[in-house]
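Right, one structure below, let's go through it.
Nothing in this text is a laboratory measurement; each read-out follows from the coordinates by a stated rule. Note that the coordinates shown come from a computational prediction; the quantities given were computed from them, not determined experimentally. Ideal geometry is used to build each Cβ from the backbone, glycine not excepted, and the neighbour counts take in all protein chains shown.
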Amino acid sequence: MTGRPRAVLFDRDDTLVDDVPYNGDPALVRPRPGAREALQTLRAAGLLTAVVTNQSGVARGLLTMEQVNQVNARIEHLLGPLGPWCICPHGPYDGCGCRKPEPGLILNAAAQLGVSPSDCVVLGDRPKDMEAALNAGARGILVSPAPPADHRSEVQTALYPQVHSLLEAVDMLLHWQ
């Protein structure tokens with residue numbers, strides 16, 4: 001897969017905003033450094049965006065979908081419109097096809113945006129984000145200041161570049177040949 005993508009799919013926690021485990025409180029939302037500028041750059045370049053996020057706190061009974069939606073609304077208030085929100089509310093053992101690293105969220109986001117998964121780049125902070133991209137036929141960029149702690153996925157993460165910030169990721173994907 002080469003060339004500039006048509007769409008960028010963001011993981012939510014520790015990619016767009018600081019991770020607050022099972023966050024149901026919009027007041028706790030803090031954008032990651034460079035998130036606003038990265039999104040402005042993508043919008044100016046005409047790329048589509050969406051969010052693909054696991055929210056297992058719903059299945060675990062720790063928060064409701066209403067709380068998830070309120071947090072997501074706060075994120076959009078701070079960062080601007082992000083396009084479709086594709087959310088997996090299932091737990092790790094529910095066997096769904098949408099929980100990353102399964103491809104369902106990426107396939108759903110691509111369909112909602114009207115593009116092929118191969119025209120998408122997934123930006124995420126964990127190897128499971130990269131595995132989901134691989135499983136859906138999309139590209140991925142690991143956005144993490146430290147090496148991945150999940151050694152199970154070293155092969156998958158080796159297939160994708162790793163950068164230290166969203167701004168670096170956006171610069172890279174805008175210049176893919």
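Structural remarks
- Counting charges near Leu166 (Lys, Arg +1; Asp, Glu -1) among other residues having Cβ under 9 Å from its Cβ returns a value of -1.
- The chain: most fluctuating residue of Glu131, Glu37, Glu102 per GNM, C-alpha cutoff 10 Å: Glu37
- Applying 1/(1 + (r/R0)^6) with r as the Cβ-Cβ distance of Met172 and Asp19 and R0 = 30 angstrom yields a FRET efficiency of 0.85.
- For the chain, calculated [θ]222 nm from helices alone, where every DSSP H run of n ≥ 4 adds -39500 (n - 2.57): -9500 deg cm²/dmol
- Options (1) 1.21; (2) 0.93; (3) 0.99 - which one matches Rg/Rh (Cα atoms, Kirkwood Rh) as calculated here: (2)
- Placing +1 on the Cβ of every Lys and Arg and -1 on the Cβ of every Asp and Glu, with no other charges, gives segment 7-174 a dipole of roughly 160 debye about its Cα centre.
- Charged side chains reduced to their Cβ positions (Lys and Arg at +1, Asp and Glu at -1) give segment 25-119 a dipole of some 220 debye around its Cα centre.
- Relative to the current alpha-carbon distance between Ser116 and Leu78, full extension at 0.36 nm per residue lengthens the span by 10.8 nm.
- Across the options Leu9, Val29, Gln55, the greatest Cα extent toward the positive end of the charge dipole of the chain (unit charges at beta carbon of Lys, Arg, Asp, Glu) belongs to Leu9.
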